[in-house]
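What follows is a single structure, written as structure tokens, with notes after it.
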Amino acid sequence: MCSSLRVAICGAGPSGLSQLHAFESARQAGNKIPEIVCCEKQNDLGGQWNYTWRTGLDESGEPVHSSMYHNLWTNLLKECSELVDYTFDKHFDQSITSFPSRSVLCDYIRGYAEQNNIRQYIHFNTIIRWISYSEEKKRFCVLNQDLQKDVTQCEEFDYVIIATGHFSTPSTPYIDGIETFLGRLLHSHDFRFAHDFRDKTVLLIGNGFSGEDIALQLFKYGSKSILISYRTKPKDYQWPKQIKEVPLVIKIDKEIIYFKDNSSEKVDAIIYCTGYSYYFPFLDDNLRLKTKNCVYPLDLYKTIFWLNQPRLLYLGMQRSTFGFNIGNIQAWYARDVILGKIFLPSTKQQMEFDIQQWRIKAKTIKNYLDDIYFRRDYIRDLLNITTYPRFNLDQMAEILIDSVKSRIENILTYRDKTYTSVLTNTMAKQHHTLWINEMDDTLQNFLNK
């Protein structure tokens, strides 16, 4: 029965790769699996981690997917992203620092895909144009286009898994007078090189993770002054003197920026660090997730199964803390439902009740500790139902808490701290150069030194 099913996976980023790995692991263990078709619009796997110098449109005239910038280092310690069945020790055959660069993480993701033989399922340069569901046929119609051959086809599937992420469509709010600004204006999605802003005064609108990290990048690569505009309250980190938090922007007049406290500053560039929209234009309205970035989206049972049609699955749609692990465990759970090893509640009302219980709990989150423990409990909920390999989840949560405390204590040095792997007990290697002084972000520079 299972082998006659067809499953479409949209996207070959970390979540899509986790889903492919989950199915391939089941196949290698002797289980019959459905026919799997994964469509990836880029020319290689990795999703966000598939860095490109391009901004705006890609070589096929499609919106660029990746929001990665060239000199990015992870702000989440690798020990919380380490995959249970593919450790960093296994991939690199050596210990590496806890906060590696983009190139290191990308190499790890690609190694994970290669050792699990999952490229065989991926159709690269293939974009999903439309997905609808036929009540009559009880199947999805998936319209996809091969961007290289310019061939469009419609295929039918029993299940569809959306693993396209939600960090590719910039949210760019209007600010009074923004059209008069004379300097460089961009969203963090299009930010690539910090040294482009050397000796410049730069305003960052938004003080979330993107805002704080791009501020550090600009400082590191020689910007004259960096202003971080916050909407509700400042972070109050121990910023270097070149970085200053300022209130909400209320008006722009050419190069002069006016703030809510009646102060003003002259700037050379503005970078929107205002987040992203959940955007699925290829989905029929009755299948489309409509939510903001939160820890437990509405209408998704276990944050995976679309309430109105549970054969439509979404992966990685909540605000994440435990890196690749959440997507991996979600994929395992999703696979076991499709294979008939886990059964969903028999009624929509039962699923709604479970969603509401989690969302009520989410409302009690007051600080980063509550946030981390909420996600820990969510992961444990999935683990308790699946046969996913067990690991010390509490220990992982505790080292994550320690890393957040370290960032609060010193935003400039937290990436220099090292941690012990929960999976292998290997202590991360201290990088040979402090983050603030390290200008070589290449993979080779992080290995064998």
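Observations on the model:
- Among residues of region 275-288 that are closer than 20 Å to residue 209 by Cα, none has a beta-carbon under 9 Å from a residue that is among the hydrophobic types (A, V, I, L, M, F, W, C) and surrounded by fewer than 17 Cβ atoms within 10 Å (Cβ to Cβ) at least six positions away or on a different chain.
- Region 211-228 - residue that is in a loop (DSSP other than H, G, I, E, B) and either hydrophobic (A, V, I, L, M, F, W, C) or more than 26 Å from the chain's Cα centre (by Cα) (or both) and, of those, farthest from residue 73 (Cα to Cα): 224
- When region 26-38 is filtered for residues that are in contact (Cβ under 8 Å) with a residue 24 or more places away in the chain and either surrounded by fewer than 17 Cβ atoms within 10 Å (Cβ to Cβ) or not assigned by the TED database to the domain that holds residue 122 (or both), the ones remaining, listed by number, are 31, 32, 35.
- Here region 371-395 is the region considered, the condition is being among the hydroxyl-bearing types (Ser, Thr, Tyr) and in a loop (DSSP other than H, G, I, E, B), and the residue that is surrounded by the most Cβ atoms within 10 Å (Cβ to Cβ) is 388.
- Inter-residue pairs, beta-carbon under 9 Å, first under 17 Å from residue 162 (Cβ atoms) and in region 318-341, second part of a helix (DSSP H, G or I) and modelled with pLDDT under 85, 6+ apart: 338/2
- Qualifying residue in region 89-108 (condition: of a type in the set (Asp, Glu), under 23 Å from residue 191 (Cα atoms) and touching a helix residue (DSSP H, G or I) at 6+ places or on another chain (Cβ under 7 Å)): yes
- Lone qualifier among 83, 57, 72 - being under 21 Å from the mean Cα position of the chain (by Cα) and modelled with pLDDT under 95: 83
- Of all residues making up region 281-314, the number that are closer than 17 Å to residue 376 by Cα and within 16 Å of the chain's Cα centre (by Cα): 6
- Summed over region 229-263, the residues that are in contact with a Pro (Cβ under 8 Å, 6 or more places away or on another chain) and not in a loop (DSSP other than H, G, I, E, B) give a count of 3.
- In region 225-238, the residues that are of a type in the set (D, E, K, R) and either more than 17 Å from residue 412 (Cα to Cα) or not assigned by the TED database to the domain that holds residue 258 (or both): 231, 233
- Condition met for residue 286 (within 30 Å of residue 205 (Cβ to Cβ), surrounded by fewer than 19 Cβ atoms within 10 Å (Cβ to Cβ) and in the same structural domain as residue 83 (by the TED database)): no
- Among residues of region 264-280 being in a loop (DSSP other than H, G, I, E, B) and more than 19 Å from the chain's Cα centre (by Cα), the one that is farthest from residue 68 (Cα to Cα) is 267.
- For region 356-370, a residue qualifies if it is surrounded by 14 or more Cβ atoms within 10 Å (Cβ to Cβ) and either touching a strand residue (DSSP E or B) at 6+ places or on another chain (Cβ under 6 Å) or over 28 Å from residue 406 (Cβ atoms) (or both), and the qualifying residues are 358, 359.
- Enumeration of residues in region 234-264 that are at pLDDT below 95 and of a type outside the set (Asp, Glu): 235, 237, 238
- Of the residues in region 400-411, none is assigned to a helix (DSSP H, G or I), without any contact (Cβ under 8 Å) to a residue 24 or more places away in the chain and under 21 Å from the mean Cα position of the chain (by Cα).
- Residue list for region 78-93, filter: closer than 15 Å to residue 425 by Cβ and either of a type in the set (S, T, N, Q) or part of a loop (DSSP other than H, G, I, E, B) (or both): 82, 84, 87
- Hits in region 146-169 - residues which are surrounded by fewer than 19 Cβ atoms within 10 Å (Cβ to Cβ) and in a strand (DSSP E or B): 146, 151, 152, 153, 154, 155, 156
- Yes/no for residue 339 being in contact with a Lys or Arg (Cβ under 9 Å, 6 or more places away or on another chain), within 25 Å of residue 21 (Cα to Cα) and modelled with pLDDT of 95 or more: yes
The values are calculated or read from the model by the stated rules, or taken from the named source; none is laboratory data. In this text the structure is predicted, and so the values were computed from the model without any measurement. Neighbour counts are summed over all protein chains in view; Cβ atoms, including those assigned to glycine, are modelled from backbone coordinates with ideal geometry.
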